[in-house]
Structure formats: structure tokens, C-alpha cells
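The values are calculated or read from the model by the stated rules, or taken from the named source; none is laboratory data. This is a predicted model, so every value here is computed, not measured. Ideal geometry is used to build each Cβ from the backbone, glycine not excepted, and the neighbour counts take in all protein chains shown. Calculation scope for accessible area: heavy atoms of the full protein, side chains included, ligands and nucleic acids excluded. Shrake-Rupley method; radii C 1.70, N 1.55, O 1.52, S 1.80 Å.
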Amino acid sequence: MPNTAAKPIYFDSACAEAFATRIMDMVDQGAAAVMISVGHRLGLFTTLAEQAPATSAEIAARAGLAERYVREWLAAMVSAEIVRYEPGNRTYWLPAEHAAALTPGGAMGNLAVYGQHVALLGEVQERLLSLFREGGGTSYADYPCFHQIMAEDSGQSVISQLFEHVLPLVPGIDRRLAAGIDVLDAGCGRGAALIAMAERYPASRFTGYDLGADAIEFAQGIAAERGLGNIRFELRDLTGFADRACFDFITTFDAVHDQKDPADFIRSLHGALRPGGVYLMQDIGGSAHLEKNSDFPMATMLYAVSCAHCTPISIGQGGAGLGTMWGWETAERMLQDAGFRDIAMHRLPHDPMNVWFVSEKTS
Ligand SMILES: C[S@@+](CC[C@H](N)C(=O)[O-])C[C@H]1O[C@@H](n2cnc3c(N)ncnc32)[C@H](O)[C@@H]1O
């Protein structure tokens, strides 16, 4: 059958050219993001930040890396206007203002961490193509280094502000933690949030469950290294979690939307709280409505991560695949349906991608 759809009679060449330029820029920026990830993983931004202008040989020697690869990476970074280059003496340097956004502890946060998500997207492309063609889902094992990347991500959004901005969202929690309560972090990953709390509040008891064996092993190792006797990490699939009334404070950090059944998961957390207990949920703060997300920070990356990770992870567990951008509206409704009342929703300035819900179990 011929395509009878109406065709535009006017073709705006300037618009087409501008769009083509934009696509070329996007490809260029995407490549820069992958190279940012490479530089981050190899500690090259830190090496540059600690060094005066230096040649590729000097930078490679200091980083303990192969010069030829370092030189090519530097060329990509210079082209992306991240690193500066002096052709006279062939030296490279990272301006302090750029180091502030690309190194651990930088004043702008270490944004290089997020480049790893883009690199991971490329790594799973072949698997993703087969999911489009054949359906089905994935498991966490399909994503190399996932728990490490995620721990670095939440190191920015959660850990760096845990005591200053995150816990203060929960009225009275500092006092209760100091007095001694039972705390669960569900889907704790490598457990950094719990470890930080366990160190600060020795009278409280902390439990972390996760289905990632390598993440739990990592968390147990750190807890043992620090001699923490008030924390335990357990390998546990929380699908169908049915423990009742045994925690006073439950947290989930970015661990609900890719569950098999997020609504049931939230219901089970409500059941696991004692009356008067509090649930703190951090999750992606976009809207459930695509048209409302055009200005949402890093919306393209979040939808891409959703397509390549969060959606197939949920489908792989036999779930609905809500996706990363399930929306704060959906989260709020699920909290209400689970029985939570007086749900407070917060946004934190350091973390524009996430929304924070605080809800108490009243009965
Ligand atoms: C996006 S990661 C967040 C990890 C951690 N909370 C953080 O902020 O770094 C989601 C975590 O939930 C865990 N998870 C997902 N489904 C789970 C389930 N059914 N039971 C237990 N853990 C689960 C994953 O293994 C993963 O560590």
C-alpha cells in the first residue's frame, strides 16, 4: 500500500540544517561523556588537578598509565574544552573551575561519576537490541560494575548530604537514632548510607538487605573493617518481603521503581514498620507525564537509563517495568495506597534529579 499520510509541502532547510548540527553536537557530547567516564575510572582528572601544566608523558607517568592512550584521551578532553592545551611546549592542564566538577570532593560535586552511566549504556547495547526484538528482561549481572557505579552516584546524592540535609527531612530522627531504634535500608547496595549512620548512632541497630551478592559482600567487608557491631548486611530478595512490625525507620535510596512490583514493595515496607515508624524514600523525581519532563534535569539520560536498565530489570523479575521516570505522582499514590498518611514530599538543592518522601506509619 502506498503511504497516503499527508506530507508537508514546505521544507524548512534552515531548520533541517540546525537540527543536523544539533545531532552532530549530541554525538560529540556523548563521546565526551564516555571519555569523562574513562578519565574518572582511571583517576586522570585527579592526576591533572594535582599537577602543574604537564606533557602527556609526565601525566601518564604520574598516573601509571600507557602514554599513547593518555595522549589520545587528552586530545578528546581538549576537543571537548575540558582540558586546556599549550601547543608550544605540548602541555595540558585542568583549570581549577573544571576540576571543581570532575574530581572527588570538588566544590560542584564530582559530575564525572555520571559519565559512567553513559558508558554503561554503550556496554549493554547488544543485549538491549535483543530485548527490543525478542522481549524479556535483564538481571543485575548483565551490568558490569553496576554496584560500584551506583555507590558512587549515591555517594553524591545521599551520603555527601546525609546528616546535613537528608536525615533532617525526618522530624525528630536524630534524637530517635541517638536513643536507639531499629533501622532497615531496603535495597542497600554497597551500604554506605547505613554504615555512615551506624558509625554516628552506636545505640541504634542497622540492617541492610540487597539481592546483589557482590554489593552485600562489599558492605560486610567495610562494616567489619570499621569494627561496627550494630550493623548487619544480608543477601535477600525482598520480592514478597513479609517481615512484620520490626523496624522504626526504613529507608530506600533509589530502590523502588525497578522492583518487580513497586506498589507491593512499598506495602511490604509499611508492614515492616512499627506504628510510629517512618519511611524515607529517595527516588527519581521526574513526572509520570512525559510532556512535563522537558525541563527535568538530565531527562534524556534518565529515560535512556530507564530503557536500558531499570525497565528491563523489572521485566526480568517478571514485573511491569515501570521505568526510571515512573513519576513522583505514581510514587505518592503508591504510598497512599500502602496506608501511609501525611506524606511530605521534598526536593533538595544538591540533588535536582531526585524527590524525597517522608511518611509515618500511624497505625
Ligand atoms: C539503584 S540501586 C540503589 C542501591 C543503593 N540504595 C544506593 O543508593 O546506592 C537499587 C538496589 O536495589 C537492589 N534491589 C533491587 N531489587 C531488589 C530486591 N527485589 N530485593 C533486594 N534488593 C533489590 C539492587 O540490587 C540495587 O542494589
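Restricting to the stretch 139-165, give me the number of residues that are buried (at least 18 other Cβ atoms within 10 Å of the Cβ) and in contact with a Leu (Cβ under 7 Å, 6 or more places away or on another chain). Looking only at that region, the number is 2. Only residues that are open to solvent by 10 Å² or more (accessible area, probe 1.4 Å) and either more than 10 Å from the ligand (Cβ to nearest atom) or not assigned by TED's automatic domain parsing to the domain that holds Q161 (or both) were counted across the stretch 248-258, and they come to 1.
Of R71, R90, R127, which residue is of a type outside the set (A, V, I, L, M, F, W, C), under 30 Å from I315 (Cα atoms) and open to solvent by 40 Å² or more (accessible area, probe 1.4 Å)? Write out each step before concluding.
On the way: R71 fails: under 30 Å from I315 (Cα atoms); R90 fails: under 30 Å from I315 (Cα atoms).
Unique residue meeting the criteria: R127.
Within the stretch 178-206, the set of residues being β-branched (V, I, T) and surrounded by fewer than 22 Cβ atoms within 10 Å (Cβ to Cβ) comprises just one member, I181. When every residue of the stretch 219-232 is checked against the conditions, at least one turns out to be more than 12 Å from the ligand (Cβ to nearest atom) and among the basic types (K, R).
Applying a threshold of 9 Å to beta carbon distances and a minimum spacing of six or more residues, or different chains, the list of pairs starting in the stretch 192-215 at a residue that is part of a loop (DSSP other than H, G, I, E, B) and ending at one that is of a type in the set (D, E) and modelled with pLDDT of 95 or more reads Y201/D174; S204/D182; S204/D248; L211/D237.
Residue by residue, here is whether (1) under 15 Å from S363 (Cβ atoms); (2) near the ligand (Cβ under 9 Å from one of its atoms); (3) open to solvent by less than 20 Å² (accessible area, probe 1.4 Å) holds:
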position: T239; (1), (2), (3): no, yes, no
position: R244; (1), (2), (3): yes, no, no
position: K260; (1), (2), (3): no, yes, no
position: D264; (1), (2), (3): no, no, no
position: S268; (1), (2), (3): no, no, yes
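Pairing each residue of the stretch 75-94 that is over 13 Å from A31 (Cβ atoms) with any residue that is charged (D, E, K, R) and modelled with pLDDT under 95, provided the two are 6+ apart or on different chains, yields no C-beta distance under 9 Å. Has the stretch 223-233 got at least one residue that is over 25 Å from N354 (Cα atoms), of a type in the set (A, V, I, L, M) and either assigned to a helix (DSSP H, G or I) or outside the structural domain of F146 (by TED's automatic domain parsing) (or both)? There is at least one residue in the stretch 223-233 that is over 25 Å from N354 (Cα atoms), of a type in the set (A, V, I, L, M) and either assigned to a helix (DSSP H, G or I) or outside the structural domain of F146 (by TED's automatic domain parsing) (or both).
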